[in-house]
Each structure stands twice: as C-alpha cells, then as structure tokens.
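Notes follow the structure.
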Amino acid sequence: MEHITLIKELDSIKDDFTIKVRIKRLWTQKSRFDANETYSIEMVLMDEEDCENFSCSAYGFVFVDFHMIISNNILESDSFDIIGHIFEYGCIDTSEQDKSKYKMLLHLQDIEDTKLKVTLWGHNAYYMQDFLANNNNLAPVVFIVRFARVKFINGRPFSSTYFDVSRLFINNDMNEITSYKNKLVSEDGQQLSSSGIKMMESKQVTEHDDFLKNNVFSNIDDLFEPLEVL
C-alpha cells in the first residue's frame with residue numbers, strides 16, 4: 001500500500017505526497033475584479049491522526065470549553081468549535097460601509113452556566129438575525145460556531161467568527177445539538193440551566209431608524225413648488 005503522509009508531515013521542499021483526508025469545510029473566494037468569477041477554492045482538511053478511520057463526527061467538531069477561552073488558554077491563531085445556548089443578543093451594528101464588517105454581539109451560556117461573549121461578522125450576523133426574527137418564541141436556541149477564533153478587547157477574551165471560514169449551526173437536527181438540549185433538562189423534566197433569551201438594550205441605530213432620522217424629507221406638494229430664480 002502506498003505510504004500515506006499525515007498533514008503534520010507535509011514539507012514544502014517536497015512536492016510528491018499521498019494524503020488521506022476528510023474535507024471539514026469548503027468554500028470559494030470570488031475574484032476582486034469579477035464577482036461572477038471564482039478566484040480560488042479553499043478547504044480545511046482533517047487526517048486520521050485527528051479522527052481514526054474517520055469514525056468521529058461527520059463535521060469533525062473539536063469543542064473548546066468556555067473556561068479555556070475566558071482564562072486565556074487559547075491562542076489568537078487557533079481555530080476551534082464552541083457550542084452553547086443564547087441568553088442575550090443585540091442588533092446588528094451596521095456603522096461600517098463594508099457589509100463584511102457588520103457585526104452582532106451574543107451572550108452564550110453553557111451547561112455549567114459559564115458565560116461567553118461571541119461576535120458574529122458579515123453573513124453570519126445576518127444569518128443569526130434572520131433565524132431569531134423567524135423563531136422569536138423558540139427556546140433554547142442552541143448553536144455551534146465552527147472554526148471560531150478568540151479575540152481580545154482591553155485584555156478580555158471573547159470568541160468571534162472568522163471571515164468565510166466560520167460556519168453556524170442553529171438548532172439543527174444533529175447529534176451534538178440534540179445531546180446538548182437533553183443535558184439542559186433533568187430527569188423530571190426541569191431545566192437545569194436557564195434557557196430563556198432576551199434582546200440587549202442598545203444605543204446602536206438600526207438601518208430603519210438611520211434612514212428616517214438622518215435624512216431630510218419633503219411632502220409631495222413641495223416637490224412641485226416653483227423654484228425662485230435669482
């Protein structure tokens with residue numbers, strides 16, 4: 001049998017390898033010059049060192065405990081997965097012109113009631129906003145952030161999505177989320193952890209309010225008044 005090279009054994013000096021991997025994430029990058037043209041196909045791969053015989057989760061989740069994040073035990077260069085339920089969320093911040101920089105702040109909680117701040121960026125923020133708008137009375141909202149990163153503000157760590165690499169799973173019918181929901185309920189059917197969800201108070205101006213408050217409007221009649229010629 002041909003020798004299989006592990007990912008950690010890849011060497012830029014050599015150019016002839018045989019690898020056996022599972023694709024954990026695949027996405028495309030559009031050309032900067034033509035939005036209809038694909039510039040590249042990006043992938044995150046996993047070999048059998050991380051998942052023997054590829055018998056682990058179909059997505060190959062590597063969940064990190066919230067305590068590891070808030071205690072500064074994760075490097076900013078590390079990618080990881082987190083799972084928890086939302087207990088508070090904010091509006092999308094649209095103060096930047098670039099839509100990829102629109103962001104949404106969430107407060108997550110895990111089974112042990114440990115809390116973690118998570119920032120969703122770009123399309124992930126809109127995906128979460130649409131879900132919450134259409135499932136307003138649904139609780140608990142359990143979701144997974146795949147390939148999250150840790151960021152720091154004033155030395156305090158929080159989690160964040162990472163460009164197009166990160167992916168959200170919100171209340172999906174999958175073993176990891178079903179198992180998590182089951183852990184929220186005791187044998188007598190009582191909630192072991194608070195699973196309610198509420199919206200944060202925010203001073204952020206929404207797109208709707210920004211349009212109404214920051215523009216000057218005229219009545220239709222005013223549009224047809226003759227202009228004074230000097």
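According to the square roots a ≥ b ≥ c of the eigenvalues of the Cα gyration tensor, what is the shape class of segment 7-52, taking rounded for a/c under 1.5, prolate for a/b larger than b/c otherwise, and oblate for the remainder?
oblate
Amide H neighbours of residue 185 under 5 Å, counting only residues 5+ apart in sequence or on other chains, H built in-plane at 1.01 Å?
For residue 185, whose amide H was placed from the backbone, the distant partners under 5 Å are 192.
What are the ³J(HN,Hα) couplings of segment 169-176, residue after residue, when phi is run through the Karplus curve with 6.51, -1.76, 1.60 and θ = phi - 60°? Round to Hz, x for glycine and proline.
Computed from phi, the couplings for segment 169-176 are 10, 10, 6, 5, 7, 9, 4, 5 Hz.
Counting residues in segment 66-201 as N, plug N into 2.2 N^0.38 Å and put the Cα Rg over that result. Before the final figure, lay out the partial values.
On the way: Rg = 14.7 Å, N = 136, 2.2 N^0.38 = 14.2 Å.
Ratio of Cα Rg to 2.2 N^0.38 Å: 1.03.
Give a residue-ordered list of calculated ³J(HN,Hα) values for segment 8-21 (Karplus: 6.51 cos²θ - 1.76 cosθ + 1.60, θ = phi - 60°; whole Hz; x for Gly, Pro).
5, 8, 5, 10, 5, 6, 8, 10, 10, 9, 10, 10, 10, 9
Compute the length gained on full extension between residue 126 and residue 178: take 0.36 nm times their separation in residues and subtract their Cα-Cα distance, giving the result in nm to one decimal.
Once the chain is fully extended between residue 126 and residue 178, it gains 16.3 nm.
Considering the zone a paramagnetic label at residue 115 would reach in this model (a point 7 Å from Cα along the Cα-to-Cβ line), which residues of segment 67-104 have amide N under 12 Å from it?
Zone members listed by number: 87-89.
Quick one: 71, 77, fewest Cβ neighbours within 10 Å first, how do they rank?
Neighbour counts put them in this order, fewest first: 77, 71.
How far apart, in nm, are two points set 7 Å out from the Cα along the Cα-to-Cβ line at residue 200 and at residue 13?
5.0 nm
No lab work stands behind these numbers, since they all come straight from the coordinates. Here the structure is a predicted model, which means the values were calculated and not measured. Glycine gets a Cβ as well: all are built from the backbone with ideal geometry, and neighbour counts include every protein chain shown.
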